[in-house]
Amino acid sequence: MKNILALLSLTALAGCGSAGNWGWYVIDPRTQSGWNNITFLFDGFGATIQLSVIAAVISMIVGLMVALPGMSTNRWIRLPSRIYVEFVRAIPLLPMLFWVFYGLPVVLKSMGITVRIDAFWGAVITLAISDSAFTAEIYRSGIQSIARGQTEAAKTIGLTYTQTMRYVVLPQAIRRILPPLANQFIYIVKMSAFASVIGMQELTRRANELVVTEYRPLEIYTLLILEYLVLVLIISFFVRWLERKMGADESR
Amino acid sequence: MPVAGLATVVRTIHSGKARSMIDQSETNRTNAIEIKGLNKWYDTYHALKDVDLTVAHGERIVVCGPSGSGKSTLIRCVNSLEAHDSGQITVDGTRMCDASSIEAIRGQVGMVFQQFNLFPHLTILQNLTLGPMKARGLSRKDAEERAMKYLERVQIPEQANKKVSALSGGQQQRVAIARSLCMEPKIMLFDEPTSALDPEMISEVLDVIVDLAESGMTMIVVTHEMGFARRAADRMVFMDHGAIVETGTPEEFFDAPKTERCRTFLNQILKH
Ligand SMILES: Nc1ncnc2c1ncn2[C@@H]1O[C@H](COP(=O)(O)OP(=O)(O)OP(=O)(O)O)[C@@H](O)[C@H]1O
Ligand SMILES: [Mg+2]
């Protein structure tokens with residue numbers, strides 16, 4: 001909160017000092033047009049949040065599916081996971097976004113599957129895949145932090161691999177996994193801004209469109225940054241809470 | 001429990017070496033454990049060298065030897081926690097080869113670890129019911145009944161609903177033993193079950209293991225507790241550098257060790 005206030009007062013002061021260059025009227029809630037602009041910008045929250053949440057959920061599922069075979073003692077089972085992680089981590093988000101949005105439908109069509117990938121799903125798929133390499137690594141370190149003795153004990157009482165994961169390893173690993181996973185969500189929120197370039201109507205896209213009509217980039221982008229800041233601060237507050245709760249659980 | 005029943009008969013009529021003879025004629029089937037020409041490498045390190053060991057039904061084996069001699073590795077091969085590189089392992093007539101034989105063998109073999117390895121996120125009762133419910137498909141009620149039976153056997157039924165961390169080391173190890181017993185195994189493996197315990201807790205755990213031994217359970221116990229070995233073992237196995245160097249009854253072993261290495265080892269541990 002302090003950060004926001006500091007930034008606000010700073011920009012406000014600067015605005016007073018050189019009034020000629022500033023045009024806060026574009027987002028002045030007291031005027032009708034200013035208010036309209038603000039609601040136009042704020043309406044992007046829904047898309048940004050929706051995009052981020054769905055991408056995060058998919059990334060968590062894919063990440064787990066990549067991480068589990070990645071910990072096999074058999075190198076041939078391990079290999080595809082390692083390749084996936086190294087490969088996906090190496091691709092910058094923007095090129096991957098273009099490839100998924102413009103390229104993937106062509107690939108699918110050549111395989112006889114005709115789908116239209118709209119901006120929303122294009123962005124979701126890209127964010128989910130590129131993030132899943134990182135969530136996979138989070139799972140891996142979390143699960144490997146659970147002592148080998150636990151899986152051995154589970155084997156000796158006859159549990160299968162799936163049962164061992166479900167009843168013994170994951171319930172313990174979740175405490176070490178959830179906080180970094182929630183942290184990772186912050187990256188998704190920030191990266192979702194890239195979805196603007198394929199026409200997804202989220203926070204950044206709306207800011208861009210408004211800048212084009214209003215010619216007030218400084219004020220509008222300042223507000224845009226504040227929008228992300230608020231979103232991220234809320235999430236990190238939640239992460240902090242989660243870390244405390246998990247930490248407290250552990251010592252019990 | 002058929003094993004206990006058999007053993008009661010055996011115990012009332014016989015003692016000592018006669019037992020294994022009786023076991024073979026009465027069960028009229030293969031030994032509990034047969035290990036032939038077992039070899040195990042950790043990369044380039046030869047951890048087990050041509051190990052042969054046969055354990056009859058109802059027999060109690062104590063394995064000892066210096067640190068790094070391969071004791072843990074040997075018993076961990078028996079339930080395939082470690083894969084071996086060559087040789088044959090047959091447990092209760094099942095030859096270890098594929099995944100399903102390993103599953104069958106694990107169903108017959110319980111194991112108790114030096115570090116207890118209880119599941120810290122579960123209560124004591126849940127630790128005991130997990131295997132019977134998930135691996136054996138028992139109802140919760142039946143599993144809990146069975147769990148309480150074995151908690152009473154290790155003399156801590158009152159701890160059933162506590163968290164693992166609320167128990168002392170000795171109590172945790174007794175829970176670990178009860179957890180294995182809940183799977184009603186024919187064979188129990190113990191890997192230094194008292195090495196991680198404070199001295200005053202060692203005897204409460206050993207008493208439970210002795211009680212189990214007297215009930216006729218087939219067991220292999222890796223331990224340096226020589227008092228326990230004298231009390232409970234039918235046969236001693238001494239390992240060094242990945243090989244079985246000497247085996248014999250406790251009397252032969254302690255009073256007249258055949259090899260120099262074994263003598264040195266006994267002198268060292270009996271001094272403390
Ligand atoms: N996972 C492993 N990777 C590599 N080497 C190992 C591994 N486990 C054991 N060893 C080596 O194999 C040898 C035998 O180990 P093992 O644990 O069976 O000995 P031990 O007789 O049980 O000793 P201790 O009394 O210390 O428990 C040791 O030299 C050990 O360093
Ligand atoms: Mg050992």
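Bear in mind that the values in this text are calculations on the coordinates, not laboratory data. All figures in this text were calculated on a predicted structure; none of them were measured in a lab. With ideal geometry, Cβ positions are generated from the backbone for all residues, glycine too; neighbour counts draw on all protein chains shown.
Can you give the FRET efficiency for A:Glu214 and A:Phe238, using 1/(1 + (r/R0)^6), R0 = 41 Å, r = Cβ-Cβ distance, to the nearest 0.05? The formula returns an efficiency of 0.75 here.
Look at the dipole of chain A built from charges on Cβ: of A:Ile177, A:Leu94, A:Ala195, the Cα furthest out on the positive end belongs to A:Ile177. For the range B:134-143, backbone phi angles converted through the Karplus equation (6.51, -1.76, 1.60; θ = phi - 60°) give residue-by-residue couplings of 7, 8, 10, x, 6, 6, 4, 5, 4, 5 Hz, Gly and Pro being listed as x. FRET efficiency for the pair A:Phe42 and A:Arg116, taken as 1/(1 + (r/R0)^6) with r the Cβ-Cβ distance and R0 = 30 Å, rounds to 0.55. Counting, for every residue in B:74-85, the Cβ atoms of other protein chains within 10 Å of its Cβ and taking the mean gives 1.
What's the angle, to the nearest 10 degrees (0 to 90), between helix B:199-214's Cα axis and the longest principal axis of chain B? In chain B, helix B:199-214 runs at an angle near 90 degrees to the longest axis.
Convex hull volume per residue, computed on the Cα atoms of chain B, equals 136 Å³. In terms of overall dimensions, the protein assembly as shown has a Cα radius of gyration and Dmax of 32.4, 110 angstrom.
If a spin label sat at a point 7 angstrom from the Cα of A:Asn183 along the line to its beta carbon, the backbone N atoms of the range A:115-142 nearer than 18 Å would be those of A:131-142. In this structure, the residue pairs whose Cα-Cα separation is over 28 Å, taken from A:Lys155/A:Lys245; B:Lys71/B:Lys149; A:Lys155/B:Lys149; B:Lys49/B:Lys134; A:Lys155/B:Lys258; B:Lys162/B:Lys271, are A:Lys155/A:Lys245; B:Lys71/B:Lys149; B:Lys49/B:Lys134; A:Lys155/B:Lys258; B:Lys162/B:Lys271. About the centre of its Cα atoms, chain B shows a dipole size close to 400 debye [charges on the beta carbon of Lys, Arg (+1) and Asp, Glu (-1) only; nearest 20 debye].
Simple point charges give the picture: +1 on the Cβ of Lys and Arg, -1 on the Cβ of Asp and Glu, and for chain A a dipole about the Cα centre of about 940 debye.
Seen from B:Asp240, the other residues with C-beta closer than 14 Å to its C-beta sum to a net charge of +2, counting Lys and Arg as +1 and Asp and Glu as -1. Once the chain from B:Glu200 to B:Ala166 is taken as fully extended at 0.36 nm per residue, the excess over their C-alpha distance is 10.5 nm.
The H on the amide N of B:Thr54, modeled in the peptide plane, is under 5 Å from the matching H of B:Ile35, each at least 5 residues off or on a different chain. For the range B:58-127, the mean projected area of the C-alpha convex hull, equal to one quarter of the hull surface, is 6.7 nm². Residue by residue, the range A:233-245 carries 3J(HN,Hα) couplings of 5, 4, 5, 5, 4, 5, 4, 4, 4, 5, 4, 4, 5 Hz when phi is fed to the Karplus relation 6.51 cos²θ - 1.76 cosθ + 1.60 (θ = phi - 60°); x denotes Gly or Pro.
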